[in-house]
Structure formats: structure tokens, C-alpha cells
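Everything below concerns the one structure shown next.
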Amino acid sequence: MEPERGPLSPRLREMAFGETTGSSKVLGWIQNTEGAEAPPPSPLPSSPPPPPRQTISFSMPKRQQPGKNNRKNKPEAGDASRPAPRDAPAHVPEIVPKDVDETVPEVPDEVSRMVPGPVPDNIITAAAYAYGPSRKYQAWKTNAEYLKPDVYETVKKYCEWAPDSQDPAWTRKPEYPSSKEVMDDYNWKAERAGEENSEPSGSSRSKPAAMVPLEPNHRTGGYDSQEHYLRVQYELLREDSTRPLREAVVRVREEPFKQEREYGNSIGVYENVRIVSMMFTNRGITSRVQFSLSRLGMKVPWLQSRRLLTGSIVALTPMNDMFREKCVVAAVAARPLQGLTQSVPEIDLMFARPDEMEIDPAVPWVMVEDRKGYYEADRTTLMALQKMHSEPFPLQQYLVKLKPDIDPPKYLPLSPRLDLTTIFQATDPANPFEHIGLTEKTFCNVDFRATWNESWPHGDLDRSQLSALKHMLTKEVAMIQGPPGTGKTYVSVLAIQTLLQNRDPENDAPIVVACQTNHALDQFLRFIDEFEPRFVRLGSRSQDENIRNRMIRELKKDVPMDRRANDIFRTAKNRMQAISDSVNIQLAALKLGGVVDPNIFNRLGLISKAQLDSLEHSPHAVTGTKNAECSGPIVDWVGDHLVSVPRGIEPDQEFFEWEEAEEESEEIEELEAERIVEADFWERLHGDVVTLADNFTGRQTVRMTDEEISHCLREPDLWKIQPKFRGPIFSYLQRKMKQILLQKFREYAIEYTRCMQDRKFGLWLKDSVVLQNSRIIGVTLTGLSKYRGLIAGMKPKIILVEEAAEALEPLLVPACFPTVEHLILVGDHKQLRPRCHSNALEGRPFFFNMSLFERLVINKVSHSTLRTQRRMTPEISRLLRAIYKDTSIKDHSCVKDRESVPGMGGVNTWFMSHTWLESKDSNMSTYNLREAKMVAGFYEYLCLNGVDHSQISILTFYNGQRKKILQELRCRPNLKDMNFIVSTIDSYQGEENEIILLSLVRSNDNLNIGFLAGKNRICVAISRARRGFYMFGDADFLTSANATWREIIKMLEEGTGLKKKDAARRIEDFLPIMCEKHRNEVEVSDERAWDDLGGGCGQSCGEVRECGHNCRQHCHPYPHDRLPCPEKGCNRKLNCGHKCAAKFCNDPCFCDCKKPQGDFGTRTSKRRRSPRKKEGSPKKQKFHQCDRPSALARTSQLDGASEEGWIQHRHTQLAAKVPAENGRRMVPRDIVISKKKLRNGHTETLSKRIYEPAEDMTLLKEPEYNLLDLDGPKTTYHSEEPRSANPESNAIFVSSLRCEIRFGSPEFS
């Protein structure tokens, strides 16, 4: 066992880790050690000598060689006493002795420019290894090599790849867009001029030199070569990912002082951006910045906002430049909610290039983002395309040259016999195959070239699925088109199971499964887990617990570590730590607190030795200072002209208006997770933090140029400079110091980036130990590019991509690893198309939103189609004929006998047509408020009729309408605390539910239907429901504007595709509902009608309750035991033999004989006596601590709603004792509930009568109550009286169960 490492001493800790806040202590220690030769190091503790370890070296600046001086010039005159440099030890010990702090006072090389003489050589190495890995980490250390040799070489080659000078220009483009690329304004100016931004690449329009002429995606026909194909895909993707930010920058540059809302709804502008700290993380050096929201003028709900999402790119420019000359590109590295919600919001930025990093905390910047773009998702794909240029490109005869006939995979002819027992299963377990003259061995050894007999037993597979399976197993590029509900995922899982059965576990590489989203990937892997537990999930976000246990970060805990991987990873990590420590020392002058030590100015060559001595030893120096915050030579010299500088920025003025929420918090988290693809916990942002602050600066009492200041600094005695000039001179020295430190810091940042690549190489090698023993690798398409080098090391042969028609073509191209022999693409190009960041690249002439799947199908490349759907009832599936005209989709027998939707009288499909006009919200998204109210009311009606809320999904084409529907649902008391499924069409691809409510929104005078015109979106919208599908929109408007909607509406009008008995009209200007109790049909044509129905038909219930009284409520679909009975008298017979003496049916049962009563279910309870009244006290009735159960608690299981039941009972009592005024009966209109906290901790609740004359002498109906149902949705009971204009005023809610209720005063009864 290795001995424990000795702790670093305070002195070595100062030098190695920069723990002091200022540089004076560091430099003071340097001066104290001058002239004293260091004694030899103490001997190491007795232990076996550690293995020799390579000394860490840096490429910047050159390190001191043993026996040589770091400086080219000779030591200065005062340095003759400095000892000769000590040679660096040949071996850096694994363990630093405890007494190294006093015996070896070494200094990092990074301070060498500050020290006029040689510096010991091994301080960085000693500091790096002093705080090495923990003991738990060292326990994994082993000399074994678990990696296969080819894995190591493949991963190494991928990580070390760099473009050659002779490679095409597009392969040498930087990882992030350059400043020149972002500030190019050609595209935006063309659009502002009203020109078509869709000209082919051969257009004669003049373009700036930096503008790359884009070649469109080839919709028909192939490409000339591999390089031609990769270049087109790369340039289209790069333009799509950078164009939104470029347009935003140009708009801000031309009109720099507008408020944010004046630029449009997608541009974010943040000013007064200041750098306040830096963090050295495993993903790079990040800068923490503070910024102002004054341009926005509103509060931001960051948890629900798309602003500054992790992975998006921003452009920064100095506030005095505004993109005229300078532009710096950065990526949002993290958006911690704690930092964003404080008075001054903060985020973490990562500058695109190390040589563009900034450290000056005094420079104010302006930051601009475009919230439509998201660069991080495309960055790794762009890099993968560049690296593919120098790799073999398998299958290019199909993807590039569009060969129509597809050959079998290359590995298949070598072993042509397949085991197909998972496909061909016996239908009769007792007599498996004899009835067809076959044996079980027949399907264990099937030649792939043979014809599959349809008479073979294939379980529940239909003919199209059987044909698709053969296509997937025998074609090296297999494309399976699956219309909605045809079982694409089921067939894909069965194909994977068959491929695994025929896989050689010793020699074959794992199969790679890729999906578009994390949700789809987890869903697919759950099916895989049923028959193959040895799979690995790459990435970091999964909602499934079983899938999380198979993530690579979890599996690595139980796998021994490879020696080479461990050494590479630890070495790179230690080098990164050493650089972090060195920068911490280097930037000591900018740390929070204190004034710059004049020794730093001297070490950097800004002042001479004589000037330094004049500051430190001059008789003009004072012993005290007026500034209580600091002291020192600079403070004495600058005097009253020294000004304190606060760190960061001042908070904005208080904003009272909130910006509208854009997404749900879960959707924001999922959006970031889809595109960041964190590898594991150790890639999250954490590391050493270096704070940055000027602390103090000089007051600009006079205006001086740099030449004038330089002239003043020729004076050897700085005290002879006039005091009024000292403030500007000190500011000048500060500025020059930061310029020198910035140059040095950028050198360190470049080296840190190199170390990060080495660490990534070591991390991938460690992950490879896990992957090489797996059988399935699951990853998203974004992760496929990010981890391409890691996956390439496994040499995969088989790749399966789910929902391939929904992904941009460049995202799928990286799946063509050099070793791939079998590519399976599953999708449906007639459903949702891929989405571009820039609308200009969609459609003609670029066709960038055309997927690889669709392009191959259009060019007649062989594919197979599934034709039997098992999701929708025939009443719904018939609508797909408007989309799949050339494909005959059949209904499976399992969809023909499904239950009807409760409360709809057998109407499972309906189009409710209206003429309500649309509107626009602040984000220019379309919404229709009346339609949103109608949909929300129908949702509530279905829930009251027994439909579980999880079985209902509301879909719409617009995010603005989605937010309006959510608002309407949340303000309905009966739906409180429910989780609603309300989604846009684009976010619901691949999902389904029992009942779908579709809000179409559009209705205007311009025949503009926007997103509703897309056939792909229409296909998704009409194919998500299993047994109930209800549409709301303007049918006449859609019929006039779009041919596809015209055909769908015609089917609904004529009953096309249904049997004669069911061929009824399914479209009107109302929605038909049917009461299950009375079988009354009600036509709902106005959104306000839902408030009067309460889940029924509006007729009086009339049924006899369990207590024997008739129910006087309106028709309700829920049982009577959920309603308190308001009638007088209780007919129950108690155990004592007497009739219940309660005055009202809802009162607790009791008897005047005071004998204990038996159990009468939840109705019976022991009455608690009221306390005796004192003489002269006002008449009042008092109940203590609600030990007396309420009527609602007795008549139902809603024990948590006792107080609400009592309030309703009290309301009924008041209604029975109404006064008269002028001969007319007075009707109680409301009860105002007021609550007061008592000293004993209880709550006092008071009810007040409010009366108005009744309109007639009819019997008083019960007012409306909203009762909390803990076991289900809330139930609303209605009266025939007019409702209040405010729905919330009709609801009575009491939150506290334990309360004290008092009645009896003249004002309150």
C-alpha cells in the first residue's frame, strides 16, 4: 500500500495553489527566501520506491532546464547573492514528504518573470501530485491492461486527428464560428431589402468575400464524390446553426440602442456584462459574468424561459464598440438557477477560442443571443463531418450515388444461415410445428437467400411486418417506412433480438441503437431490457430507473480500470490542475480585496527598481492611511486620488412585470439534456474558482495621454510626480498590467485546452472497457456525434436508427463509421419533417429540411412499408387516407371493438366548427382564446364523466395556444392539482393516447393557415388518438385554404370509410354530448355552457339518495355519496332504538337519550357537547378543534374536506331562514369567508349573510359550491341563479382542516 501523502505547508500552498487573496504575501515570501540556500529535502518515509513517473512539462512558456537560468539576460546588480539554480530532481516522488514545506521552498515557473533569477523546477509537479487521487481512486490502480489493442489505437487516432494544410477549406474551419463569420451581414441585408434569399449557388448577386455560396441539398440525383457530399451537408448545417446569431448581431449593430422588444421576439440583448470570476472545469475554462436586464425591462421566469440555454452561443462586444470592430463569440456553459434568480443575474460563459478570452473585470460588454438557434447540438456533428473527410465512407454507393438495388451485408454471405426462432414461433405450444410438417430445427438454420413461406407460424406478425423483417436482416441499407400505429418499434426490437441471436459474442462488436430524443431512446431500451440486459446507455439524462442503472457512469464503478487509460487520464488531470494553480498565482493582482503590490509592476517591467525603492523606502511614506480598507506604498503614494471599485455591477431597478413563460420547466430541462449530452457527473461544471476584481483605481483628475504618462514615468523618484497626476498614472499601470497578464493567461488557456483533449482521450479509454463487453449501445443522434470516437473504437458493424425521417441528414451521416456494414433506418417521411433553425433553408431551393430517409425514398432506393395499423379505431384511421393515398393501410382486428368515450353517446370522432377569430401574443404566436376555453371545458366534462386525466392529451399547432389552454385548465377548480398533457404537434411525434383534443386555432380573413398547411404535421395531428378524436376549428376557413383539410372535412361530412350503420355526419357547429343517466343529448356550441352543465345534462337529478331523500341537484355523473344531503330531518334508526334527533340530514347522528350509538357506517359519530355558557354571554354556538365530524366527512370518504362540508351545511341553514323585505323573499347571494389566526394557533372562520330580493317565489335552489375531492377531481354543484362574473368568487376553499368555527353574533350567524 502506498503511504499517505503529506500535506503542503502554508508557504508551498501559497505558491502552488494561490490561497492568499493578494500577491504581496507571495512576493514577500519570494524576497525572504532570497540569499538563503535551501537545505536538501528530508528523506522519504521508508516504503517501496514508487514507479518512475514522467515529469509534467508545458509548451508555454519554456520551462527552466536543470542548471540553466530561465531568463536570457543576466541577473541584475542587486541579485549577486542569489544562489545558483538547483537542478530539478530526475524523479518526482509519488508522495510529498510532510516536511517539504520548510525544507524545499520552491516557486512555480509561472512566477519566473516576476523573480529576477532562477526558480526551482519541480514545484508544479510536486503541487500536482501532492493532492493526487483519493485512496478510493487509487484502489482501482492496476497494472493490467483490459483494453483490446485495436480499441486503443482507434480512439487515439480519432482524438489526435487534425486537418492537414492540403485538406479542403471547409475541413479547417474552427469549432465555433469566428467573429468575421458572425459579423457578416449579407443574408440579413438581402432579406431587409425584400429580396429572395433562396437563389441557387450560381446566382450572380455580389457577395462579401466571407460569405460562402451555399449549394442546396440534392433532392433528386446523387453527388459527385464523398468530399462533395460531406461538404454540402457541412456548409448547410453550419449556415443553419450560425445564421440566427449573425442576423441578431447585424440588427443590433445597425440600431444599437433600441429596447429588446423592438428587435423582435427572438433576439436577447443584455448590457453592462462584467466578468467577475473564472472556473477551471473539466469542460474548459469558463467565465462567470454578471449582466443587466435593463433592455428587457421585465423580470424573467428563468425556470420556464428559453433565454441563455446551456449550449447556445452568444456574441459579445464592448459597450463603446457595439459590433463595429470587435466581436467575441462564447457559448453558455451553464445557467445555474441560483445565479440567475439573484438581484444581479449571473451565468457561466465559455469563450470560443482561448486566444480570445478576456479577464478585465472593468470592461463593460453587450451580449446578444438569438433564442431560436442552438449551436451546441450541431457543434459535435460539424466536427464529425470534418473528420469523416479523412476516413473510409462505407455504404456511399447508396447514400451518395443512390444505387437503387441493395446488396446483403458483407458479413452475411460469410455465414448465410440464420437462427429465426424469435420470428417464427409456434402457435400451438403443445404441438409446435408438426401440423405443418416442420420441426423446430427448421428455423434455427435458415438460409437468408431462401424465400420465407407465409404459412410458417409467425405469431402476431402481419405480412407487411414479416416482409419488413426480412428486408432489415438481409439488406445492408434497410429502410422501413411505418405509417402511424403500424408497429415500427415492435419490428425494430424484434430485428435487434434476431441479430443478437446470430451474433458471435466473442468477436462481433456491439450493435448501436440511436434515437432522436432521450425519451424515445429510453422507451426503446426498455424493450431491449426484456431479453438482453447487457446494454449500455450513453448520455446523462434518463427518467427510467432501470435505464439509469445501465448508464456508463454507473457501470464503470464495477469495472476494473485499464492501466494505460488510468495513466493518461490522471496525467492530463494533474496537468490541468497545475495550470489552474499557476493561473491562480498569476492573477493574484486581480483577486478580490487589496491594492496591487508595486512589486508586481516591477516584475512586469512597468516600473524600475529605483522607482520601486522610492515607493517602499521614501521618507514621504506615511505610517497611516485615510483609507480604512487597505494600506501599502501605492495607497500612500496615490493618496486621496485612490478610488474604490465595487465588484460586478449594481442591481437593476425593481421590475414589476414578468416576462411571459415560454416553456414548462421540465421541457426546458429536457431541451438542454437533448443537446448537451453530458457524459457523466464529472463533466458537470465544477473546479477551482479565481475571482476577478480591480478593487481600486486612480481618479481621473486630469486628462492625460499614454505618451504624457510615459514621460512622467521617466522620473526615478515617483514621489516627485505631482499628486494630481498620480491617479491617471496608477490607472495606466493597472491597464498595462492587465494586458500583460491577459497575454500570459491566454497561453495557459491554450495549453489547458490541449490537456482537456488528453483527458478526454483517457476518459474514452476508461469507458471503452465497459463498452467492449456490452452487446447493445444506446445513444441519441446528438450523442452519436459527440461520442463518435468512443463508439468507433468498438468497430461497430450494425447501426439501427429510430425515427430516422425526423432528423436532419447531417445528423445521420456520422452513423456511417468506417467499419459499418449494416445500416437500418426506421421512420416515416410523411410524418414530421426535420426542423431547421433558419426558415430560409427549408423548402426550395435548399431543401435542408429533407431527411436522408426521404431523399432515398424519393430517389427510388429500395425500402419496405408496413401496412397494418393497430392504434386507431377505424373511425379515426380512415382520415389517414388523405395522407397515404398510395398506401393501403389496413386496420387490425384488435382496434375494432374498443369502448366508446364516456359521456359522448358513441360519438368518438367529431369536428366542432366555429368562426371565432384568432389573435397574436407578445411572441407573435397565434392563439384563439374562445377555442381554448371550449377545449378546457370539454376536458373538464370528460374528467367529471370518469375519464382519467392521464388518458387525455390536448394538441395544438402553436405554442401560444398551448399556453392559453394551460391557463384555462389551471383556473378550473375541478381540475386543480392535475398534471395536464398539453403539447404542440412538433413535440408529440411518436406519442399516443386514448383521447386526443386537437385545437386548430386559425381563423382569419386572409386564408393564412400557417403551420396547418404542412402535410407532415397534419399526419401527426390526426394519428395520435386510440379511441377518441375531437377537433375544434373553423372548418369553412380550412376547406377554402388547404386541399388536405378539404379532403378530411369531406370525409367527416359524408361518413366516408365507415359502415352504413355508422356512416353519420361527424361535423357541425356544436359538440354533441350525452348524459349517461338520463340519456339526454346536449348540443354545446358556446364555451360558457360548460359552467351550467357540471358534467351532466342540466336536468334535475331526481334519483333517491341512500338516506331516502330525493336528490335536488342538477344531473351529475358521480355517485350521491359524494354530495351532502341538505334536507331536513334524518330518517336513520340508531342503536338505542330511537330515531336520529339531528335537525338536518347532514348533521351528525345523535339521540337525546345520550346512550352510546353503534356503527352506522361513516354516518354515525358521537356528538360532542358544547361548553357551558356563562350568564350574560351572547348566544353563540361553538365547536372545538373540529372533533365533531362534518357532513361531508360523514357522507363520503373525503375526510380532508370536513370544513368545506360544514360551510355548505351552514349555507343551507341560512337559506332556509331568509328574511323578507317589502313582501318579497330575500335570497342569500353569497357567503364571505374570513379567517383569523388566534393566539392558540387555531384559525377562526366567520360567515356573513348577503341577501338580495328573489325574482319569484319559487323554491330556493342551492347556490354553487366547490368541494375538494381528495380521491379524484373537484366537483362543482350549480344553481339556477346567475353566476358571478368572476369564476373564482363562486368557489369556497378552506385550506386548514383543524380550525375553530364561531357563529352567533348579530352580524354573523
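The values are calculated or read from the model by the stated rules, or taken from the named source; none is laboratory data. Worth saying up front: this structure is predicted, and the values here are computed from it rather than measured. Because the Cβ atoms are built from the backbone with ideal geometry, glycine has one as well, and the counts that use them run over all protein chains shown. With ligands, DNA and RNA removed, areas are computed over all heavy atoms of the protein, side chains included. Shrake-Rupley method; radii C 1.70, N 1.55, O 1.52, S 1.80 Å.
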Check: If you go through the range 804-816 one residue at a time, do you hit one that is in contact (Cβ under 8 Å) with a residue 40 or more places away in the chain, acidic (Asp, Glu) and more than 24 Å from Gly222 (Cβ to Cβ)?
Finding: no
Note to self: If I go through the range 818-842 residue by residue, how many of them are part of a loop (DSSP other than H, G, I, E, B) and touching a residue at least 60 places away in the same chain (Cβ under 8 Å)?
What the structure shows: 14
Checklist line | Leading residue by the ranking (surrounded by the most Cβ atoms within 10 Å (Cβ to Cβ)) among those in the range 148-174 that are in contact with a helix residue (DSSP H, G or I) (Cβ under 6 Å, 6 or more places away or on another chain) and assigned to a loop (DSSP other than H, G, I, E, B) | finding: Pro163
Item checked: Among residues of the range 870-895, those that are of a type outside the set (Gly, Ala, Ser) and within 27 Å of Val1082 (Cα to Cα), counted -> 7
Item checked: Qualifying residues in the range 640-666 (those that are in a helix (DSSP H, G or I) and at pLDDT 85 or above) - the one most open to solvent (accessible area, probe 1.4 Å) -> Asp640
Check: Are any residues in the range 785-819 of a type outside the set (A, V, I, L, M, F, W, C) and either touching a Gly at 6+ places or on another chain (Cβ under 7 Å) or under 20 Å from Asp150 (Cα atoms) (or both), and if so, which ones?
Finding: Tyr787, Arg788, Gly789, Gly793, Lys795, Pro796, Lys797, Glu803, Glu806, Pro818, Thr819
Item checked: Output for the range 328-349, where each listed residue is assigned to a loop (DSSP other than H, G, I, E, B) and open to solvent by less than 10 Å² (accessible area, probe 1.4 Å) -> Pro345
Check: Can you find even one residue in the range 386-394 that is basic (Lys, Arg) and either under 30 Å from Asp652 (Cβ atoms) or in contact with a Pro (Cβ under 7 Å, 6 or more places away or on another chain) (or both)?
Finding: no
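Every residue, every condition in (1) assigned to a helix (DSSP H, G or I); (2) modelled with pLDDT of 90 or more, yes or no:
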{"position": "Lys189", "(1), (2)": "yes, no"}
{"position": "Ser198", "(1), (2)": "no, no"}
{"position": "Ala209", "(1), (2)": "no, no"}
{"position": "Tyr223", "(1), (2)": "no, yes"}
{"position": "Tyr229", "(1), (2)": "yes, yes"}
{"position": "Thr242", "(1), (2)": "yes, yes"}
{"position": "Asn265", "(1), (2)": "no, no"}
{"position": "Met278", "(1), (2)": "no, yes"}
{"position": "Arg288", "(1), (2)": "no, yes"}
Next item on the list: Could you tell me which numbered condition Gly1102 fails, if it satisfies all but one of (1) at pLDDT 75 or above; (2) surrounded by fewer than 18 Cβ atoms within 10 Å (Cβ to Cβ)?
Entry: (1)
Notebook entry, point to check: In the set Ser542, Ser464, which member is small (Gly, Ala, Ser), surrounded by 17 or more Cβ atoms within 10 Å (Cβ to Cβ) and not in a loop (DSSP other than H, G, I, E, B)?
Noted result: Ser464
Checklist line | Pairs with Cβ under 6 Å, 6+ apart, first in the range 1005-1033 and farther than 11 Å from Leu955 by Cα, second open to solvent by less than 40 Å² (accessible area, probe 1.4 Å) and of a type in the set (Phe, Trp, Tyr) | finding: Phe1011/Phe957; Leu1012/Phe957
Note to self: I'm trying to understand the selection: among the residues of the range 494-544, which are in contact with a Ser or Thr (Cβ under 9 Å, 6 or more places away or on another chain), over 26 Å from Asn445 (Cα atoms) and acidic (Asp, Glu)?
What the structure shows: Asp522
Item checked: Filter result (touching a strand residue (DSSP E or B) at 6+ places or on another chain (Cβ under 9 Å), over 18 Å from Ser913 (Cβ atoms) and either among the polar types (S, T, N, Q) or not in a loop (DSSP other than H, G, I, E, B) (or both)) within the range 999-1027 -> Gly1010, Phe1011, Val1020, Ser1023, Ala1025, Arg1026, Arg1027
Notebook entry, point to check: In this structure, is Ile528 within 30 Å of Gln397 (Cβ to Cβ), crowded, with 20+ Cβ neighbours inside 10 Å and modelled with pLDDT of 90 or more?
Noted result: no
Check: Given the structure, is Glu751 farther than 24 Å from Asp597 by Cβ, over 47 Å from the mean Cα position of the chain (by Cα) and assigned to a helix (DSSP H, G or I)?
Finding: no
Notebook entry, point to check: Is there any pair linking a residue in the range 538-565 that is over 22 Å from Val155 (Cα atoms) to one that is of a type in the set (Gly, Ala, Ser), with Cβ under 6 Å and at least six apart or on different chains, and which?
Noted result: Arg541/Ala673; Arg548/Ser542
Note to self: Looking at the range 834-891 only, could you name the residues that are of a type in the set (Ser, Thr, Tyr) and open to solvent by less than 40 Å² (accessible area, probe 1.4 Å)?
What the structure shows: Ser838, Ser851, Ser864, Thr865, Thr868, Thr873, Ser877, Tyr884, Thr887
Checklist line | Residue identified as over 22 Å from the mean Cα position of the chain (by Cα), closer than 22 Å to Ser913 by Cα and in contact (Cβ under 8 Å) with a residue 40 or more places away in the chain among Lys963, Lys933, Lys976 | finding: Lys933
Notebook entry, point to check: Which pairs do you get when a residue that is aromatic (Phe, Trp, Tyr), found in the range 295-324, comes within reach of a residue that is open to solvent by less than 10 Å² (accessible area, probe 1.4 Å), reach meaning Cβ atoms under 7 angstrom, with the pair 6+ apart or on two chains?
Noted result: Trp302/Leu340; Phe323/Val249; Phe323/Val252; Phe323/Thr317
Item checked: Some residue of the range 765-780 being part of a helix (DSSP H, G or I), of a type outside the set (S, T, N, Q), open to solvent by 10 Å² or more (accessible area, probe 1.4 Å) and more than 15 Å from Val536 (Cβ to Cβ) -> no
Note to self: Can you find a residue that is assigned to a strand (DSSP E or B) and of a type in the set (S, T, N, Q) anywhere in the range 472-484?
What the structure shows: yes
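Results for (1) surrounded by 18 or more Cβ atoms within 10 Å (Cβ to Cβ); (2) at pLDDT 90 or above; (3) outside any loop (DSSP other than H, G, I, E, B), shown as yes or no for each residue.
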residue: Lys410; (1), (2), (3): no, yes, no
residue: Pro429; (1), (2), (3): no, no, no
residue: Lys441; (1), (2), (3): no, no, yes
residue: Thr451; (1), (2), (3): no, no, no
residue: Trp456; (1), (2), (3): no, no, no
residue: Gly459; (1), (2), (3): no, no, no
residue: Leu494; (1), (2), (3): yes, yes, yes
residue: Leu499; (1), (2), (3): yes, yes, yes
residue: Arg503; (1), (2), (3): no, no, no
Next item on the list: Using the structure shown, decide if Leu1038 is farther than 30 Å from Phe524 by Cβ and crowded, with 19+ Cβ neighbours inside 10 Å.
Entry: yes
